[in-house]
Amino acid sequence: MSDAVTKSFFRPGKLALLILLGAFVYAAALVVFVPAGWVWQKASPHVRLPGQVQVRQVSGKLWDGAAGVVLAGYPVRVDWQLGWPSSGQWVLPVDFHLDTSQSSLRGSVNLGWPGQVDVEASGRIGVAEFRDLIRKSGGAMIEGDVVIDRLRTTWADNRVTEADGHARWAGGRVTWPMGNQTGSADFPPMDADLSTTDGGVALTVAQQGGTGPAADASLLWNGMMEIRVYKRMVDLAGQPWSESARPGDVVFRVRQPLVPGGL
């Protein structure tokens, strides 16, 4: 009879597997339990944020945390929760909540490799909250909230490659600057649709159930912004105009760079 060969429990293959498993468990524990504030403290010196974005406070865990952020002077609370990466894909899902004093946005972000970001969101915008900003820009002020039913965008190759969205407003009083005076009118419920064009992103505003756009705006990849207002908008505002003009005629158009030097 031959003696049985004694096999070592810690063979090279098993030892390597245990090391990999331990490293995975350690990395997962870091993501789940490491304080988000500590991570931001270490990372913030290497992160360049736009001048209008300030991170004031970070709390919770990296996996499930919150931050107080100031965007263009408006305080925003950001809550996030990381999901598990998709099997076989380099995609990290993140659920988020954005809340201000009168507005709220909920959605998800899929962070893909290399550098692709997919966003889906919905929520409600309290327009009155941004009254001062709208007045400074010379825009029209509307009553009530704007409801965002859907917003889907994809960022890749350093630009928005896909955009789709729909928002609605229940109607009400609208005021706008007219030189040293202020114009006003009661508007019906309106819809706004976001879409992708060959040269950029387009936003179209129309009366709910209407037959054509009242206004539209385009943001082009070359850094130009174009806004067009149609006679339909003039009719909705109850303002006088040439009787020979048709509802689809453009009565106002502006085209200018969004930022100096383009995008």
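The values are calculated or read from the model by the stated rules, or taken from the named source; none is laboratory data. Values in this document were obtained by computation on a predicted structure and should not be read as measured data. Cβ atoms come from the backbone with ideal geometry, glycine included; neighbour counts cover every protein chain shown. Heavy atoms of the whole protein, side chains included, go into the accessibility calculation; ligands, DNA and RNA do not. Shrake-Rupley method; radii C 1.70, N 1.55, O 1.52, S 1.80 Å.
Summary table
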quantity: Proximal aspartates and glutamates relative to LYS231, as straight alpha-carbon distance under 18 Å, when same-chain residues fewer than 8 apart are discounted; calculated: ASP186, ASP191, ASP216, GLU243, ASP249
quantity: Backbone HN-Hα couplings from phi across the stretch 183-189 [Karplus 6.51/-1.76/1.60, Hz, Gly and Pro as x]; calculated: x, 8, 6, 8, 10, x, x
quantity: Charge dipole of the stretch 151-262 about the Cα centre (unit charges at C-beta), most positive-ward option of PHE252, ALA206, LEU194; calculated: PHE252
quantity: Percent carbon-and-sulfur accessible area, the stretch 59-192, ignoring ligands, DNA and RNA, probe 1.4 Å; calculated: 54
